[in-house]
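This report concerns only the one structure given below.
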Amino acid sequence: MDHLQPLIADLALILILAGIVTLLFKRLRQPVVLGYIVAGFLASPNFHYLPSIVDAANIDIWGQIGIIILLFTLGLEFNFKKLLNVGGTAFTTALTIAIGMIAIGYLAGQLLDFTTFDSIFLGAMLSMSSTMIIIKAFSDLGMQQQKFTQTVFGVLIVQDLLAVVLMVLLPSVAVGRVDSSELINSIARLIFFLVLWFVIGTFIIPTFVRKVRRFLNNETLLIVSMGLCLGMVVLATYAGFSAALGAFVMGSILSSANEVERIERIMQPIKDLFGAVFFISVGMLVNVDTLVEYALPILILSLVVVVGQSILATMGMLLSGQPLRTAVQSGFSLSQIGEFSFIIASLGISLGVMNPNLYPIIVAVSVVTTFSTPYMIKLAEPFLNKIEPRIPKGIKRRLDEYAQSKTIIASNRTLWKQIITKYLGNILLYSILSTAIIIASKVWLFPLFAEWLPGSIGKLLATIITLIGMSPFLWAIIKKRTSGKILRELWKDGRSNQVPIVLLIVFRYAVAAAFVIGFLLTIYSYVGMIIGVIIFLMLMRTFSNDIQRQFNRLETEFLNNLNQRERSKKGIDLIHNLHIARMKLHESSELAGIKLSDSNLRKRFGINIVSILRGTRRLNIPGSEVRLFPGDILGVIGTDEQIASFLPIVECNDSPEVAAENSEEVKYDYIAISPDSQWIGKSTYELGLRNEFHCLLVGIERDDNTFLQPDGTIKIAANDILWIAGEPESIKAVRVIAKGKKELQ
């Protein structure tokens, strides 16, 4: 095998070993991740009874790619709206665990004679619970549907975000820049770039994916997704952040797109392969001699994780207002470390500030706590049964009262808190975008115009273009309505509220003015700045409506992209609470193989199927004899409630995969019935829209604003508005017939 590249031989060895070991671990019902770690140890030079790898550096590179893929797929499951929805409980608990475990880990490291940097990284590693291990444990124990598990998943989401933040901050700590100003600067840079990337990415990328959707089969979607991922990795690295952060950000941007389920599916084999190589590379660093030497620290740190995580998570839950039972069950579930601990350890070694011997110690602690996780989850119930009767009634009553008070506070926030949060969020967002425009202008636009048009003309044109680009966001800082109804209510309450309201308005104007004045002062003198401000204010006043329309267009596009995934699942608004939703027919659905005529969907659920996407073939307005088959993508019209009741019957918890489309999609339009239309007096059944025109009558809107869902017997009247679903050409033909005049009697 001398002629074979070492990389190929090494990959063959580690994957064969991984396959054998993971099959054994599957048989023993143990987490596959542990099997990868054991396989890595068996393939390493530290194990002398089997052939070992030749070039560990190549495997390490593959492991780094594995980190990128893992973080990218984690970002696909991470949704910004989901982060906002997990509520204060997840934030409070995750922060309590992070702060507490970093402090405890640091103290433990110092007591064990670790260096300062080793102790800092140790605390960070011990503060991260394992999403993969917890999900596996809940699945094995059949607890996925219990109420407390949703709270645990919320905490894991926030912990993932905190891990990304730690990966940004730890390099600054590693090079000795730990002063408060540098820390604040690092956090500010992180927030700036995260918001900027997320907003611009959400505005551009889902729109791009949607426009090229018809060309995206699995192959091209995989190439595009990986290209976007690695492109953001390069951009993040160029900006001074880690490659893992870039991968996570791109995943979170794509998480709002309609195609995210498909991306997750096609990425799964790649994630499995490269993720396996990463965990195998972790196992290669395990040294038996080191484990024997550090047996006591491993035991101590394992106890620190199990006891510390459980207590701190329980305390965080109680502080956030959760009942004692939920708090204990959640706390006992979060008592392990996992994948992010390995990633942080890899970061410490790559920076050269962490003792490599700490890596196998963390791996060993992870193995111990992984094995203990199912037992800790099962222990929560008997532990509760034992301590609840022994808790003094006074303490128990206070805990219940505190939980109730937190619920009341959460559901009745003060008006001022709402206003200030929205105002500051609004100003922060558009200030970041305005700052980004100024930076981009200084870096690219001004040098470009200086080269093309040397002198004052080029500088003036670059200034005008920059101000035009900033104008929608400056308008939003000043004028965008924020809690207008609440402000009016507070204004009526008297002077005590009126003064703060005026100050808030003045502050908005001051921030916008600071951007314009500050930008102009970097280019012109004070006189030029004053002239520029006057001209800018005149133009803003003259074109205020145009600027507002431009901003509204940008905001609408952004919100549509942000909610694209939910709109696809929950439905696209049509009229009078009717929506269009797409769902994939699961093989175990009761509708599989059934004719539409035999399904009685309209009577059972009140919905209509307007399209079926079968492979690359689309059936629009399918007839009653069409059968439904597993894998069909159904386009369904109904209300929120009707679609919600129908979705479980169809998908059985599966996710839709939208294939390439070779035919036109169903469109929705209305037809106004004129007083002399030949359709007046006919029943909806007599129109024959489905059979003759392959269209569907969705509903009828009457003069008195009533909306009728057709049942075949309703008579068409003058001035009715008929809402039609069908292909564009078919709807056009229906419109021509509907406008035909009645024959003279």
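Read-outs: derived from the displayed coordinates by stated rules, not from any lab. Computed from a prediction, not measured in an experiment: that's the story for all the values here. Heads up, the Cβs are rebuilt from the backbone with ideal geometry, glycines too, and the neighbour counts pull from every protein chain shown.
What order, most packed first, do the peptides 261-267, 379-385 have when packing is the mean number of other Cβ atoms within 10 Å of each residue? Mind dumping the intermediate values first?
Values: 261-267: 19.6, 379-385: 14.1.
The peptides rank, most packed first, as 261-267, 379-385.
Work out, step by step, the length gained on full extension between Lys422 and Ala9: first 0.36 nm times the residue separation, then minus their alpha carbon distance; give nm to one decimal. Numbers along the way, then the final one.
On the way: separation 413, 0.36 × 413 = 148.68 nm, distance 5.79 nm.
Between Lys422 and Ala9, full extension yields 142.9 nm more.
A full extension of the chain between Asp669 and Glu729 corresponds to an added length of 20.4 nm, given 0.36 nm per residue minus the alpha carbon distance.
For the pair the stretch 303-364 / the stretch 13-33, the C-alpha centres are spaced 25 Å from each other.
Rounded to the nearest whole angstrom, the semi-axes of the ellipsoid equivalent to the stretch 6-378, taken from the Cα gyration tensor as √(5λ), stand at 29, 27, 22, largest first. Dipole check for the stretch 6-378: with +1 at the C-beta of Lys and Arg, -1 at the C-beta of Asp and Glu, and the Cα centre as origin, the magnitude is about 1300 Debye. Close amide H pairs (under 5 Å, H built 1.01 Å from N) link Ala239 with no residue at least 5 positions away or on another chain.
Close amide H pairs (under 5 Å, H built 1.01 Å from N) link Ile724 with Asp669, Tyr670, Ile671, Val698, residues at least 5 positions away or on another chain.
Evaluating 6.51 cos²θ - 1.76 cosθ + 1.60 at θ = phi - 60° for every residue in the stretch 261-270, the Karplus couplings come out as 4, 5, 4, 4, 5, 6, 7, 4, x, 5 Hz, glycine and proline recorded as x. Of the residues Ile680, Leu722, His694, the one whose Cα sits farthest toward the positive end of the charge dipole of the stretch 667-738, with +1 on the Cβ of Lys and Arg and -1 on the Cβ of Asp and Glu, is His694.
Measuring against 23 Å, Cα to Cα, the residue pairs Lys26/Lys271; Lys715/Lys739; Lys211/Lys732; Lys667/Lys739; Lys211/Lys667 contain Lys211/Lys732 as the ones spanning a longer distance.
Across the stretch 258-370, Cα-Cα pairs farther apart than 21 Å form 53% of the total. Computed from the C-beta positions of Ile135 and Ser624 and an R0 of 51 Å, the FRET efficiency is 0.75 to the nearest 0.05. Between Tyr49 and Tyr685, the modelled labels are 8.0 nm apart [label points 7 Å from Cα along Cα→Cβ]. In this calculation the C-beta distance from Lys378 to Ala57 is compared with R0 = 45 Å, giving a FRET efficiency of 0.55.
FRET efficiency for the Thr220 to Arg617 pair, using the beta carbon distance and R₀ = 25 Å, is estimated at 0.85. With the simple spin-label model, which puts each label point 7 Å out from Cα in the Cβ direction, the Arg397 to Arg549 separation comes to 6.6 nm.
When the charge dipole of the stretch 571-651 is built from unit charges on Cβ atoms (+1 for Lys and Arg, -1 for Asp and Glu) and taken about the Cα centre, the candidate among Ile649, Ile594, Val636 whose Cα reaches farthest toward its positive end is Ile594. Could you tally the net charge around Gly623, taking each other residue with its Cβ under 12 Å from the Cβ of Gly623, Lys/Arg +1 and Asp/Glu -1? Here the count lands on +1. Measuring nothing but how far apart in sequence close Cα pairs (under 8 Å, 6+ apart) lie, relative to its length, the stretch 667-738 scores a relative contact order of 46 percent. Under 20 Å from a label point 7 Å along Cα→Cβ of Ile204: give me every residue in the stretch 421-464 with its amide N that close. From the stretch 421-464, the list is 429-449. Under 5 Å from the amide H of Leu619 lie the amide H atoms of Ile612, Leu613, Arg614, each residue being 5 or more positions distant or on a separate chain, with H modelled from the backbone and absent for Pro and chain starts. Given their separation in residues at 0.36 nm each and the Cα-Cα distance between them, Val502 and Glu451 gain 13.8 nm when the chain is fully extended.
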